[in-house]
Structures are given as C-alpha cells and as structure tokens.
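Visitor: This is the structure I have questions about; it appears just below.
The values are calculated or read from the model by the stated rules, or taken from the named source; none is laboratory data. Owing to the predicted nature of the structure, the values given are computational and were not obtained by experimental measurement. As a convention, Cβ positions derive from the backbone with ideal geometry for all residues, glycine included, and neighbour counts pool all protein chains shown. Only protein heavy atoms, including side chains, enter the accessible area calculation; ligands, DNA and RNA are left aside. Shrake-Rupley method; radii C 1.70, N 1.55, O 1.52, S 1.80 Å.
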Amino acid sequence: MSGFHGLFIPGPTNMPFAVRQAMDVPLEDHRAPDFPAFSLPLFRDLKKVFRTEKGQVFLFPGSGTGGWEAALTNTLSPGDRVLIPVFGQFSHLWDDLARRHGFEVEVIDVEWGEGAPLDVLVQRLDADKRHAIKAVLICHNETATGVTSDVAGVRRALDATGHPALLMVDGVSSIASLEFRMDEWGVDLAVAGSQKGFMMPTGLGIVAASQKALEAHKTARCPRAFYDFSDMIRANKDGYFPYTPATTLLRGLRASIDMLLAEQLDNVHARHKRLAEGVRLGVAAWGLAICAKAPKWHSDTVTAVLVPTGFNSDDVVKAAYYRYQMSLGMGLNKVAGKVFRIGHIGHVNEIMLLQALAGAEMALRDVGVPVAAGSGVAAAEEHFRATAPRLELSRVA
C-alpha cells in the first residue's frame, strides 16, 4: 500500500527522521580512545531529561522491563518487602516481576481507571512502624488505562510518615513526554525505555538512580550480573561500558536528546498536554467515555477509549489496521475487548492526531458504533485552532 502506516499505539512510537539518520551509521569501536568524547556528554545530557543533577544514569541493552529488574535487584535483598498499587497491566507486571525475584509484595488493589491512591499509601506507610517496606513502586503512567499518577504526591506521603523506603518509578511512558522531576520529587529509581518518549526503536532500558539508591546498592544482596550497577559505574566513569553497548541506539539517543532539549522540556510537556486534550475532546464528541475516571488521572500520552456495551474494542482495532493502514492499541487484561487506545506520545503533532481520530472514527462506524461522521475530528480541530500560536495575516489591498 502507498503512504505511511499510521502508528498510534502508546509505544513503540513514531521515529523522527533525524533519529533514524543518526542510527544509519557504520558500526564503531566501542573501546576506541575517542569513544568517551561521545559517551560522557551523552550521560550528562540524559540526566537533564530526568531532571536530576545528583543522580546517575545507566543505559542497558534491553527494555523498560529490564529497567524494572535492574532497579529492584540492585537496591534490595531477597525477602525484602515492597509496596505497589496495582491499577493496570503494567503495574501488575512489575508486581509479578518482583514476586519472581522472591520479594515480599504488598499490593494495594486499585480500580482500573484510577491511579495511585495517596490516602491509602499514607495509611500503609504510617502503619509500617518497623519500616519493613523497603521500596514503594509507582507506575507513573499506566498505558493500559490511560492513567497518570501523582509521583510528587507519593513523595509527600513518604515524607509525611517519615518512611525511609526507596521511591521507585516506572516512567516508561512518561519520561521525555510528561513532566518528570527526579530530584525535586525525591525519586530514587526512575525507569524509562527508548521506544516511547525518546522516539527510538526498542532496545535500551534506561535507569536513573539517586544517591540514596546508589548507597542502598552497596548492601543489596540480590544476584545480578548483566544488570549490575557496579560494573556499569566502573566502566561508565571513563566513558565505556562493561560489555558491548548498542552503539547505533546510543547514536539515536544522542539525536533524540538533542531534539528534546532544543524544544525545551517544558514545551515538550505542554505539547503533549495540548494534543492529548484535543484527542479527549474528539472522544467526547463521539459520545464515548474514556477509561480514566476523573480529569486528575488523565494521561497526556495515551487515551483509552471505552466502546459501548455490546461491542468488542478488538474489532475497532482490526478495522483500523486492515481497512485504513493504522495501528491503535488493544485493550489488555481486565479491559480487553472494552477499550482501544490512541497513543499520542513522542514525535506527534496536530495533523498526525487528526489522522488518528479520523481513522478511529471510520473504524468505529464500520463496526456499527453510532458516532457521527467527522464529529471527533471537528472537535479536535477547533481545540487545535483555538490553542495554536497566533498567525499574523497579510492584507491585500
């Protein structure tokens, strides 16, 4: 088929040409004497995206799941207790990974469509007088339901109760897209992946660790090898890696960070918020609801759209894919068949999201969902027009 395939899932995301071109280079010597001239500034500038001056960043060949594993095994010991609110597929999977590593997992079950409950966290932490909980695990942005949690609020809960637990954050679908302030929010371990806000292929698990986390690493007793912080720390200080790094991905990451810093992070966050609001207005114009149960939970990187009773959201996804050459996200786990997801993360703009809404709108109509033709697109158009930069038009006499 002609034209580009429309990719509107919450990851992997669309790659800018600059990132693709940066990776289209011959393979290089990762132990060359001049390699640190590239890698050390890369580490330094990556910290700017996490908004940390005191923390250390690690780049592992892998994915966000590898980042989860690295965060846990480098700072905890077998049998340690962790506390995690579970409110979607990815918080559930992090819970599962922790159990497989032999940690004692204390779960806060949350209705899907809501985020981390700060009041319950305060209660659980305050009740833990002996500080048995060694880490609190928070999924910042749950892509299964289109929900964002208040990480700064979780830090306030820890501080209000005087609890010393590490704050670990899954920022896979938030970092480099949504506001994230590692130092200011007191995050101890933050996990990201290259295929989301960094606008790259899958292949890098990106972890940032605070000084408190690095101190905990010194006494942590979990077995680890490939993901060991110690090996990375020794090699990274001189600009090298303990094993062969994914050098082409590192070149792409350099281009990605350059784009993010050139746009400026506050502008990146504002762009995602503005575009997401256009998508949500489009969904409302269809007469449909989203999975996030209140505005405070709204995600600015993905919208999970509920289909009416009697319809299967998988049919919408299939119609969009096969009829209109466009990928939407399927519903996962508890919301399988109930929602489809529109990703608006990374390298996206107004025209791209109008394309997403138009394709989704046609697919909805194809499977019989009664939405008015053009309604979602029109609502988003008006929002984008009203919030676009002012244009001074010339007048012809």
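Visitor: Being in a loop (DSSP other than H, G, I, E, B) and closer than 25 Å to Ala152 by Cβ is the requirement here; does Ala304 meet it?
Guide: Spelling it out, it is not the case that Ala304 is in a loop (DSSP other than H, G, I, E, B) and closer than 25 Å to Ala152 by Cβ.
Visitor: Moving on. Tell me which of these Glu263 doesn't satisfy, since it passes every other one: (1) out of contact with any Ser or Thr (no Cβ under 9 Å at 6 or more places or on another chain); (2) within 30 Å of Gly374 (Cβ to Cβ).
Guide: (2)
Visitor: Output the residues belonging to the stretch 234-284 that are open to solvent by less than 60 Å² (accessible area, probe 1.4 Å) and small (Gly, Ala, Ser).
Guide: Answer for the stretch 234-284, where residues must be open to solvent by less than 60 Å² (accessible area, probe 1.4 Å) and small (Gly, Ala, Ser): Ala235, Gly239, Ala246, Gly252, Ala255, Ser256, Ala270, Ala276, Gly278, Gly282.
Visitor: Further question: Taking interchain pairs and intrachain pairs at least six residues apart, which have beta carbon atoms under 6 angstrom, with the first residue in the stretch 152-166 and more than 19 Å from Thr75 (Cα to Cα) and in a helix (DSSP H, G or I) and the second β-branched (Val, Ile, Thr) and at pLDDT 95 or above?
Guide: Val154/Ile138; Ala157/Val122
Visitor: Filter the stretch 10-39 for residues that are crowded, with 16+ Cβ neighbours inside 10 Å and under 30 Å from His344 (Cβ atoms) and give the result.
Guide: Pro10, Gly11, Pro12, Thr13, Asn14, Met15, Pro16, Val19, Ala22, Met23
Visitor: Next up: Which is of a type in the set (Lys, Arg) and free of Cβ contacts under 8 Å to residues at least 40 places away in the same chain, of Lys212, Lys237, Lys196?
Guide: Selected residue: Lys237, the only one of Lys212, Lys237, Lys196 that is of a type in the set (Lys, Arg) and free of Cβ contacts under 8 Å to residues at least 40 places away in the same chain.
Visitor: Within the stretch 76-108, restricting attention to residues that are free of Cβ contacts under 8 Å to residues at least 24 places away in the same chain and open to solvent by 60 Å² or more (accessible area, probe 1.4 Å), which residue is farthest from Ala157 (Cα to Cα)?
Guide: Result: Arg100.
Visitor: Could you please let me know if Asp170 is open to solvent by 60 Å² or more (accessible area, probe 1.4 Å) and among the acidic types (Asp, Glu)?
Guide: In short, no.
Visitor: Consider Gly346 carefully, then state whether it is buried (at least 16 other Cβ atoms within 10 Å of the Cβ), in contact with a strand residue (DSSP E or B) (Cβ under 7 Å, 6 or more places away or on another chain) and of a type outside the set (A, V, I, L, M).
Guide: For Gly346, the condition - buried (at least 16 other Cβ atoms within 10 Å of the Cβ), in contact with a strand residue (DSSP E or B) (Cβ under 7 Å, 6 or more places away or on another chain) and of a type outside the set (A, V, I, L, M) - is not met.
Visitor: A further question follows. Only one residue in Gly278, Gly203 is of a type in the set (Gly, Ala, Ser), in contact with a strand residue (DSSP E or B) (Cβ under 9 Å, 6 or more places away or on another chain) and modelled with pLDDT of 95 or more. Which one?
Guide: Details: Gly278 fails: in contact with a strand residue (DSSP E or B) (Cβ under 9 Å, 6 or more places away or on another chain).
It is Gly203.
Visitor: Among the numbered criteria (1) open to solvent by 10 Å² or more (accessible area, probe 1.4 Å); (2) in contact with a Pro (Cβ under 6 Å, 6 or more places away or on another chain), which one does Lys293 miss?
Guide: Lys293 satisfies all of (1) open to solvent by 10 Å² or more (accessible area, probe 1.4 Å); (2) in contact with a Pro (Cβ under 6 Å, 6 or more places away or on another chain) except (2).
Visitor: Further, regarding this structure: Identify all residues within the stretch 296-317 that are surrounded by fewer than 16 Cβ atoms within 10 Å (Cβ to Cβ) and under 10 Å from Gly337 (Cβ atoms); write none if there are none.
Guide: The one that is surrounded by fewer than 16 Cβ atoms within 10 Å (Cβ to Cβ) and under 10 Å from Gly337 (Cβ atoms): Asn312.
Visitor: Any residue in the stretch 53-60 that is open to solvent by less than 10 Å² (accessible area, probe 1.4 Å), β-branched (Val, Ile, Thr) and under 22 Å from Leu204 (Cβ atoms)?
Guide: Yes: one or more hits.
Visitor: Consider Thr73 against the criteria (1) touching an Asp or Glu at 6+ places or on another chain (Cβ under 9 Å); (2) β-branched (Val, Ile, Thr); (3) open to solvent by 10 Å² or more (accessible area, probe 1.4 Å): it satisfies all of them except one. Which criterion is unmet?
Guide: It fails just one condition, (3).
Visitor: Just to be sure I understand the filter: pairs with C-beta atoms under 7 Å, separated by 6 or more residues or on different chains, first member in the stretch 24-48 and under 14 Å from Gly252 (Cα atoms), second member open to solvent by 60 Å² or more (accessible area, probe 1.4 Å) and assigned to a helix (DSSP H, G or I). Which pairs pass?
Guide: Close Cβ pairs satisfying both conditions: Val25/Arg251.
Visitor: Using the structure shown, decide if Leu42 is hydrophobic (A, V, I, L, M, F, W, C), more than 29 Å from Thr301 (Cα to Cα), open to solvent by less than 60 Å² (accessible area, probe 1.4 Å) and out of contact with any Ser or Thr (no Cβ under 7 Å at 6 or more places or on another chain). Can you show your working first?
Guide: Details: hydrophobic (A, V, I, L, M, F, W, C): yes; more than 29 Å from Thr301 (Cα to Cα): no; open to solvent by less than 60 Å² (accessible area, probe 1.4 Å): yes; out of contact with any Ser or Thr (no Cβ under 7 Å at 6 or more places or on another chain): yes.
So Leu42 does not fit the description; no.
Visitor: Does Arg395 qualify as being in a loop (DSSP other than H, G, I, E, B) and open to solvent by 50 Å² or more (accessible area, probe 1.4 Å)?
Guide: For Arg395, the condition - in a loop (DSSP other than H, G, I, E, B) and open to solvent by 50 Å² or more (accessible area, probe 1.4 Å) - is met.
Visitor: Can you find, within the stretch 175-233, the residue that is farthest from Thr75 (Cα to Cα) among those that are among the hydroxyl-bearing types (Ser, Thr, Tyr) and surrounded by 18 or more Cβ atoms within 10 Å (Cβ to Cβ)?
Guide: Ser177
Visitor: Then there's this: Among the listed residues Ala386, Ala379, Ala320, Ala363, identify the single one that is farther than 18 Å from Phe8 by Cβ, out of contact with any His (no Cβ under 9 Å at 6 or more places or on another chain) and either open to solvent by 80 Å² or more (accessible area, probe 1.4 Å) or outside any loop (DSSP other than H, G, I, E, B) (or both).
Guide: None of the others qualify; the one that does is Ala386.
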